[in-house]
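Just so you know, all these numbers are worked out from the coordinates, no wet-lab data involved. Being a predicted model, the structure only gives us computed values, none of them experimental. In this analysis, Cβ positions are derived from the backbone assuming ideal geometry, glycine residues included, and neighbour counts consider all displayed protein chains.
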Amino acid sequence: MPFSDYKTALVTGASSGIGAAIVERFRRENIEVHAVARSEDALKELAARMGCIPHAIDVTDRNAIAKLAQEHDFDILVNNAGVDRPKKFLEADESDIDLLVDVNLRAVLHICRLVVPGMVARDRGHVVNISSIAGNYNFGGNSTYHAVKAGVAMLSNQLRIDAFGKRVRVTEVCPGRVATDIFNHVHGNDPSVRERFIDGFELPQASDIADAIAFAIAAPVAVNIGHMEITPTLQVMGGLQTAKPSTERAKP
Ligand SMILES: NC(=O)c1ccc[n+]([C@@H]2O[C@H](COP(=O)([O-])OP(=O)(O)OC[C@H]3O[C@@H](n4cnc5c(N)ncnc54)[C@H](OP(=O)(O)O)[C@@H]3O)[C@@H](O)[C@H]2O)c1
């Protein structure tokens, strides 16, 4: 049970959904959990309930993250904070592209830069990066989200190379649809949003993702579970589309 080897964790995106469930799961193992998100009240409520240490920080605030990384030796790092702004790429907003790159990829790179060298130096650590099936498969949605999540997937593989020779494990968790409030955070609080994404579907819960992460961490130190794709049973990826042209080709 390597949980007993680990004392401290940093979990980003801890104020709701998968991140909050991970905090809860880690606290059950008596890990000292540093919970990062922007929503101070939600973090305070989680801290009161679970005894984690709240940090109301934006993951894009590099100085604040650097201070946190300097002050603590994290054994477990979970890069979970994420946002989406679904829109066809041909209609993409400039600010949405920047937001997704900044939160979903740039922050993950910098947090790894700040935390992983300490793990390597101590010969002990486990990095868990939450990507998405969007990083591995093509389907309609938001191409920027697909691109940045693919970056997280490749970073996870590369970290294994960079930490090679040390007992630093890296797990990429690649969820399909999970029953969280992400859909409300993305599409607003209209009841139709839950009907479209949650109600009537049989979906993994945030706690199922946390349990899968706990399984990877609890494996013997000699075992690295590198990639976990977790989808609803009633969800598949893939598909092939072939279109007939809708217009005549223009004569050169
Ligand atoms: N749910 C799904 O179906 C699904 C599927 C595939 C992948 N994922 C991935 O799973 C992860 C967690 O998603 P979720 O479903 O739990 O969504 P969620 O309930 O919307 O949670 C997202 C978390 O990220 C935090 N966050 C967002 N921007 C942040 C920032 N700039 N700085 C710090 N924290 C920030 C949010 O907290 P604040 O707003 O308080 O900052 C919140 O705690 C994300 O990376 C998401 O892309 C989810």
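See the values below:
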{"quantity": "Between helix 17-28 and the chain: long-axis angle, C-alpha atoms, 0 to 90°, nearest 10", "calculated": "20 degrees"}
{"quantity": "Nearest-0.05 FRET efficiency for HIS110 and VAL223, computed from C-beta distance (R0 25 Å)", "calculated": "0.30"}
{"quantity": "Per-residue HN-Hα couplings for the range 236-251 [Karplus 6.51, -1.76, 1.60; θ = phi - 60°; Hz; x = Gly/Pro]", "calculated": "10, 9, x, x, 9, 10, 10, 9, 7, x, 8, 9, 5, 5, 5, 6"}
{"quantity": "Rounded to the nearest 20 debye, dipole of the range 24-127 from Cβ charges on Lys, Arg, Asp, Glu", "calculated": "300 debye"}
{"quantity": "Karplus-derived HN-Hα couplings along the range 58-75 (A = 6.51, B = -1.76, C = 1.60, θ = phi - 60°), whole Hz, x at Gly and Pro", "calculated": "7, 5, 7, 7, 4, 5, 5, 5, 4, 4, 4, 5, 5, 7, 9, 9, 7, 8"}
{"quantity": "Highest to lowest packing among 83-90, 140-147, scored as the average C-beta count within 10 Å", "calculated": "140-147, 83-90"}
{"quantity": "Normalised contact order of the chain, rounded percent, pairs of Cα under 8 Å and 6 or more residues apart", "calculated": "20 percent"}
{"quantity": "222 nm mean residue ellipticity, helices alone, for the chain (DSSP H n ≥ 4; -39,500 (n - 2.57); rounded to 500)", "calculated": "-12500 deg cm²/dmol"}
{"quantity": "Bins of 10 Å, starting at 0 and running to the largest distance - Cα pair percent for the range 49-89", "calculated": "19, 47, 22, 10, 1"}
{"quantity": "Over the range 85-130 - Rg/Rh using Cα atoms and the Kirkwood inverse-distance radius", "calculated": "1.21"}
{"quantity": "By average C-beta atoms within 10 angstrom, highest first, the peptides 228-241, 63-76", "calculated": "63-76, 228-241"}
{"quantity": "Cβ-derived FRET efficiency at R0 35 Å, ASP5 paired with GLU91, nearest 0.05", "calculated": "0.15"}
{"quantity": "Protection-proxy order for peptides 196-202, 115-121, each taking the mean of Cβ atoms within 10 Å per residue, highest first", "calculated": "115-121, 196-202"}
{"quantity": "Rg followed by Dmax, in Å, when the chain is reduced to its Cα trace", "calculated": "19.0, 70"}
{"quantity": "Amide proton proximity set for VAL127, modelled H, under 5 Å, gap of 5+", "calculated": "LEU77, ARG169, VAL170, THR171"}
{"quantity": "Under-5 Å amide H pairs with GLU229, H placed in peptide plane, nonlocal only", "calculated": "CYS174"}
